[in-house]
Amino acid sequence: METNNLCKIRNIYRAIAQMELQFQKKFGLNINEAMLLCLLDTKKNMLSGEIADELDLSRSNTSKVIVAMEKAGYIRRQTGKDDSRNQCFHLTKEGEKLLAGIHECDVCLPEIISKAIT
C-alpha cells in the first residue's frame, strides 16, 4: 500500500472520530446508537438479531447499544405475539423527537468525508 493512501485513510479516520465526538457532545449518542434510531425509523419492530445484521455489529455490541437506548427511553421492546422469546424493538416518542433533531441538525461534514461519501 502506498504511504500516500495510508495517510489519506488516517486523515479520514481522524475526521470521522472528530465528527463522532462532536455528535456525541451535541446529542449524547455515539454513532452506533444514532444508527439504531435511523434503522428503527425505517424498519419497524425489528428483532435484535436483525438489528445486529443491519448495523453490522456483533450480537454482544448490539445488545449493549439496545440496552443503552432502552435506558435512555429512546426505544422500547415488545414481546412477540406468537413467541414470547422474540423481542421486537421500536422507537418511542422521545426517540422520534431526538431523531428529528438529528435530521434538522446543521452539522457540516468535514470536506474529506463529504468527498468520500458523494
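The values are calculated or read from the model by the stated rules, or taken from the named source; none is laboratory data. Only a predicted model underlies this, so the values are computations on that prediction, with no experimental measurement involved. With ideal geometry, Cβ positions are generated from the backbone for all residues, glycine too; neighbour counts draw on all protein chains shown. Only protein heavy atoms, including side chains, enter the accessible area calculation; ligands, DNA and RNA are left aside. Shrake-Rupley method; radii C 1.70, N 1.55, O 1.52, S 1.80 Å.
Tabulated data
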item	result
Which numbered condition THR42 fails, given (1) within 22 Å of GLY101 (Cβ to Cβ); (2) of a type in the set (S, T, N, Q); (3) in contact (Cβ under 8 Å) with a residue 24 or more places away in the chain	(3)
Within the range 99-114, tally of residues that are modelled with pLDDT of 80 or more, of a type in the set (A, V, I, L, M, F, W, C) and under 16 Å from the mean Cα position of the chain (by Cα)	3
Residue match in the range 29-39 (condition: out of contact with any Pro (no Cβ under 9 Å at 6 or more places or on another chain), farther than 21 Å from ALA15 by Cβ and open to solvent by 40 Å² or more (accessible area, probe 1.4 Å))	no
Of the criteria (1) exposed (fewer than 13 other Cβ atoms within 10 Å of the Cβ); (2) within 12 Å of the chain's Cα centre (by Cα); (3) of a type outside the set (A, V, I, L, M, F, W, C), which one LYS25 fails	(2)
The range 45-73 - residue that is touching a strand residue (DSSP E or B) at 6+ places or on another chain (Cβ under 7 Å) and within 17 Å of LEU98 (Cβ to Cβ) and, of those, most open to solvent (accessible area, probe 1.4 Å)	GLU70
Some residue of the range 52-64 being under 24 Å from TYR13 (Cα atoms), in contact with a Leu (Cβ under 9 Å, 6 or more places away or on another chain) and of a type in the set (Val, Ile, Thr)	yes
Within the range 78-95, tally of residues that are surrounded by 14 or more Cβ atoms within 10 Å (Cβ to Cβ) and under 23 Å from GLY28 (Cβ atoms)	5
Candidate set from the range 1-22 (those that are of a type in the set (D, E, K, R) and closer than 18 Å to ILE117 by Cα); member that is surrounded by the most Cβ atoms within 10 Å (Cβ to Cβ)	GLU20
